[in-house]
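Student: Mind having a look at this structure? Questions to follow.
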Amino acid sequence: MMPDLARYAGTVLGAYAVTLALIALIVAVSWERAARVRRRLAEVEARVGGRRGDGQAGT
Amino acid sequence: MSLWRYSNPAEFMRLTTPALPVLWALTGLLLGGGLAWGFFLTPDDYQQGATVKILFIHVPAALMAINAWLMMLVASLVWFIRRHHVSALAARAAAPVGATMTLIALATGAIWGQPMWGTWWAWDPRLTSFFVLFLFYLGYIALWEAVDEPDKAADLTAIVCLVGSVFALLSRYAVFFWSQGLHQGPSLSLDARENVSDVFWWPLVVCMAGFVLLFVSLVLVRTRTEIRLRRLRALEALEARG
């Protein structure tokens, strides 16, 4: 049930829309970049054999 | 168990792998639940009407905008003192999240201000210090991108972080000592007479917890990406050398 926002409907819905859009954007960008870097690292590790580690696993 | 073991990239990756799904689940639960509670189940305010519902996004975003910078300050100090790369990478990872929170606080504040104050913007102490904080976030992110040598970039951005901390603190405390602005004083207080009504307070607490968890989850994801990127560059350099 949608609350009665009366004459402030545009204000309240606008504020929530901006917030949810910005949150969705930062989450999507962060996840996409994480997946891209993980994929590239897996490719390079497969090529060099992953023998020379500097301590951190690529996973 | 020493706190410094987390500064080992392998240990950091090992510990955060099982933690992340739990953190994301809690983030969804608290953020979704808190926002739904605030939006659908709270009454109008006697003065502000339905615009009081903006409280549940504006206040947690502003809280995280300031605290993200303070987290970056702590991480930068750890980098300066102990030279742990994970702390520098965590500070770098937090900056875009903090900038997003600052932008949310500025945008929702402007949208809220228009019907309440009759203007989208005023050069009020708190608004101005928040705007300068946003510019510091952009400058900090740009500096990381502009400097090729990672340790030098970490040093320079740590200095920017130290300077910007003045504005992070100013944006929090400006209303206390600089009282000529439009922005109201703090709505949240340990004194029950000064605090917002319970009907707004409890959903706000849930929303604040949700925003904190969102920040932590995003920073962990982004820090793990920075660690992987560092290893990727090291391996690519190794490969290039043959």
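The values are calculated or read from the model by the stated rules, or taken from the named source; none is laboratory data. Treat the numbers as computed from the prediction; the structure is a model and nothing was measured. FYI the Cβ positions are ideal-geometry reconstructions off the backbone, even for glycines, and counts take in every protein chain you see. Only protein heavy atoms, including side chains, enter the accessible area calculation; ligands, DNA and RNA are left aside. Shrake-Rupley method; radii C 1.70, N 1.55, O 1.52, S 1.80 Å.
Student: Would you point out which residue out of B:41, B:70, B:63 is open to solvent by 30 Å² or more (accessible area, probe 1.4 Å) and in contact with a Pro (Cβ under 9 Å, 6 or more places away or on another chain)?
Tutor: Exactly one of B:41, B:70, B:63 is open to solvent by 30 Å² or more (accessible area, probe 1.4 Å) and in contact with a Pro (Cβ under 9 Å, 6 or more places away or on another chain), namely B:41.
Student: Working carefully through the options A:48, A:37, A:29, find the one that is at pLDDT 95 or above, of a type in the set (Val, Ile, Thr) and surrounded by fewer than 17 Cβ atoms within 10 Å (Cβ to Cβ).
Tutor: One residue alone meets the criteria, A:29.
Student: Looking at (1) of a type outside the set (Ser, Thr, Tyr); (2) crowded, with 23+ Cβ neighbours inside 10 Å; (3) facing chain A (nearest Cβ under 9 Å); (4) in contact (Cβ under 8 Å) with a residue 24 or more places away in the chain, which is the only condition residue B:53 fails?
Tutor: It fails just one condition, (4).
Student: Right, here's the next one. Among the numbered criteria (1) open to solvent by less than 40 Å² (accessible area, probe 1.4 Å); (2) more than 23 Å from residue A:21 (Cα to Cα); (3) within 14 Å of the chain's Cα centre (by Cα), which single criterion is violated by residue B:93?
Tutor: (2)
Student: Sticking with this one: Listed residues B:76, B:171, B:165; which is in a helix (DSSP H, G or I), away from chain A (no Cβ under 14 Å), at pLDDT 95 or above and out of contact with any Gly (no Cβ under 9 Å at 6 or more places or on another chain)?
Tutor: Testing whether each residue is in a helix (DSSP H, G or I), away from chain A (no Cβ under 14 Å), at pLDDT 95 or above and out of contact with any Gly (no Cβ under 9 Å at 6 or more places or on another chain) leaves just B:76.
Student: Residues of segment B:110-135 being within 14 Å of chain A (Cβ to nearest Cβ) and part of a helix (DSSP H, G or I), which ones? Let's see the steps before the verdict.
Tutor: Quick first cut of segment B:110-135, residues within 14 Å of chain A (Cβ to nearest Cβ) only: B:110-120, B:134.
Selection gives B:110, B:111, B:112, B:113, B:114, B:115, B:116, B:117, B:134.
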